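Everything below concerns the one structure shown next.
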């Protein structure tokens, strides 16, 4: 009789080695382990992580009918993305907030995800689950985009089960984390483990949220594109109407938008079709024109270095 494959969570730690982000991630993994789910942890700071150069090699390859591959060949980001985006596992991302949003290590990894997503469009079907831990050292007003920025990464491939923002956290031993935060992280890991054991269509978000939280990413950052009462979630691009019920502000969200948020196969597919069409046009019609226009800017400017 074939051995049943054990369920696994991959934790992506983007903070210091054995720092607060990693400690809370490990607590989450310990909680999941209590329910029989194994875990693996990727330490981004121990790996070679290079930023996207904006060369568009991946998109141009697709426009030519070839397989999308990143032009950067000498770092570990493609491996990180294969593990976190493609592998059959639950996912917990834990990252620190140094200045309003998640740190550079996390952002670099997130901005490099397109070639992997181009090659594996099936991951957009969101048949797996994930959670987010964001860790800041100051007041809540200095960490408003932690959960939002990590959601930009997680929402591509996962149904979000839980997320937590932790504030007023110093270096371990200097300002010890509150016991409630430790327990909350363990609970988050258990919530992910439980969700992994149920049919994906039954998975629900079980974390904390506000009256104006997006129904997809459950963040409460809103964009007003033109004027109130119309608002959008800047991550999921779900539209809503903000109103006052006599005691507090609330949002009535568009049910059709909820079914097809920004990181759904239909929405992303439409965007990728446009990207490919624009690059095809560049190859067939605009290449010589662009080269001529660039001459003015290539020759201009006093470029300085240290």
Fill in the blank from the handout: Flagged in the range 226-249 as farther than 29 Å from residue 123 by Cβ and part of a loop (DSSP other than H, G, I, E, B), in numbering order, are 226, 227, 228, 229, 245, 246, 247, 248
Practice task
Confirm whether residue 57 is without any contact (Cβ under 8 Å) to a residue 24 or more places away in the chain, surrounded by fewer than 16 Cβ atoms within 10 Å (Cβ to Cβ), over 19 Å from residue 191 (Cβ atoms) and in contact with a helix residue (DSSP H, G or I) (Cβ under 7 Å, 6 or more places away or on another chain).
Solution key: no
Handout entry: Every residue from the range 19-48 that is farther than 11 Å from residue 193 by Cα, surrounded by fewer than 17 Cβ atoms within 10 Å (Cβ to Cβ) and touching a helix residue (DSSP H, G or I) at 6+ places or on another chain (Cβ under 9 Å)
Key = 40, 41, 45, 47, 48
Problem - Among (1) crowded, with 16+ Cβ neighbours inside 10 Å; (2) over 22 Å from residue 164 (Cβ atoms); (3) modelled with pLDDT of 90 or more - the single one residue 226 does not satisfy - result: (1)
Problem - Whichever residue in the range 178-206 is in contact (Cβ under 8 Å) with a residue 60 or more places away in the chain and part of a loop (DSSP other than H, G, I, E, B) and, among such residues, is surrounded by the fewest Cβ atoms within 10 Å (Cβ to Cβ) - result: 197
Problem - Residue list for the range 179-211, filter: modelled with pLDDT under 95 and over 21 Å from residue 26 (Cβ atoms) - result: 208, 209, 210, 211
Problem - Positions within the range 115-146 being surrounded by fewer than 22 Cβ atoms within 10 Å (Cβ to Cβ) and either farther than 30 Å from residue 198 by Cα or under 12 Å from the mean Cα position of the chain (by Cα) (or both), in sequence order - result: 137, 138, 139, 140, 141, 142, 144, 145
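The values are calculated or read from the model by the stated rules, or taken from the named source; none is laboratory data. Given the structure is predicted, the values throughout are model-derived calculations rather than measurements. Ideal geometry is used to build each Cβ from the backbone, glycine not excepted, and the neighbour counts take in all protein chains shown.
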